[in-house]
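To keep things clear, I will list the structure first and then write my remarks on it.
Read-outs: derived from the displayed coordinates by stated rules, not from any lab. Just so you know, these numbers come straight off a predicted model, no measurement behind them. For neighbour counting, all protein chains shown are included, and Cβ atoms are generated from backbone atoms with ideal geometry for every residue, glycine included.
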Amino acid sequence: MKKTALDDGAEIYQKREEKTEKEKWKQMDGKARVQYFVDYYLAKLIVAVIIVGVGASLLWHFFKPKDETVLYAAVIDESLDAGKLADMTSELEKICHVNGKHQKVKIDDSFYLKDQALTRLEVYVESKQVDVIIADQKTFKKLAGNGYFESMDKFAKDHNLSGYENLYVYANGHKDTDSESSEDDGTAKGESLPYGIDLSGAEKYMDMTSYGKHPVFAVAANAPHEKNTVKFLNYLMQEK
């Protein structure tokens with residue numbers, strides 16, 4: 001074999017040993033270390049952070065406590081005093097044994113007839129989202145004729161509620177066999193029943209009102225929280 005001009009011990013014939021990451025890191029200065037990190041690790045780190053963040057978000061979404069309304073009252077054509085309403089809501093949450101964070105009491109005075117409130121209210125009643133409806137007597141009678149309420153005598157019997165009979169407000173209910181409803185001609189066709197309770201003597205409520213002189217408390221048909229509705233009525237009728 002022909003010999004080369006290089007000695008057998010020349011550097012190109014030496015076995016190269018790969019340096020470990022630790023060794024490479026020790027031999028780098030500060031600038032080189034920064035660049036090495038950016039080149040080899042930054043993208044992986046960003047991806048890992050995104051994956052962890054998405055995973056944490058999904059876990060929180062599935063396992064966080066669900067918000068629940070334990071009493072919902074719709075107030076028609078009335079603007080309640082915000083401060084007093086907040087105090088009442090807080091007191092009712094204590095009475096209903098909820099903390100007001102994930103379980104809440106809602107007294108909603110955003111229902112105005114000029115803003116098509118009846119359409120929204122109908123949806124709430126049908127979907128069992130509203131417990132109480134408070135309105136003036138004229139609106140109360142119209143809603144009763146459209147089948148929005150449960151009769152108070154039946155409600156009182158179901159919950160052993162007594163003492164309010166002298167405050168009952170009567171209205172004609174909805175008659176299923178009629179082709180016309182109270183919304184069509186202003187006169188309900190059904191049987192006259194005590195669908196409401198007069199709130200004009202309820203100081204706690206009247207102290208918050210701006211317009212109503214003869215508000216009526218009514219239990220919504222399909223009310224989902226009837227026990228808390230009883231607590232709400234009893235609370236309103238207490239003397240201040």
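Judged by the mean number of other Cβ atoms found within 10 Å, the most tightly packed of the peptides 78-88, 213-223 leads the ranking 213-223, 78-88.
Note that segment 156-172 has calculated 3J(HN,Hα) couplings of 5, 5, 5, 10, 6, 9, 9, x, 10, 4, 6, 9, 4, 10, 9, 7, 6 Hz, one per residue in order, obtained from phi through the Karplus relation 6.51 cos²θ - 1.76 cosθ + 1.60 (θ = phi - 60°); glycine and proline are x.
A simple rule links phi to the HN-Hα coupling: the Karplus curve 6.51 cos²θ - 1.76 cosθ + 1.60 with θ = phi - 60°, which for segment 189-196 gives 10, x, 5, 7, 9, x, 8, x Hz, with x for Gly and Pro. Let a ≥ b ≥ c be the square roots of the eigenvalues of the Cα gyration tensor of segment 98-240; is it rounded (a/c under 1.5), or, if not, prolate (a/b larger than b/c) or oblate? The shape class here is rounded.
Pairs spanning more than 22 Å between alpha-carbon atoms, out of LYS189/LYS213; LYS94/LYS231; LYS154/LYS175; LYS141/LYS175; LYS94/LYS204; LYS128/LYS231: LYS189/LYS213.
Amide H contacts for TYR195 (H built 1.01 Å from N in the peptide plane; partners 5 or more residues away or on another chain; cut-off under 5 Å): MET152, VAL169, ALA171. Over all Cα atoms in segment 51-167, the spread is summed up by Rg and Dmax: 18.1, 65 Å. Summarising the amide proton neighbourhood of LYS175: residues at separation of 5 or more, or on other chains, whose placed amide H is nearer than 5 Å comprise LYS189, GLY190. Across segment 122-135, rounded Karplus estimates of 3J(HN,Hα) from the backbone phi angles (6.51 cos²θ - 1.76 cosθ + 1.60, θ = phi - 60°) give 4, 4, 5, 5, 5, 8, 6, 10, 10, 9, 10, 10, 10, 8 Hz, Gly and Pro being marked x.
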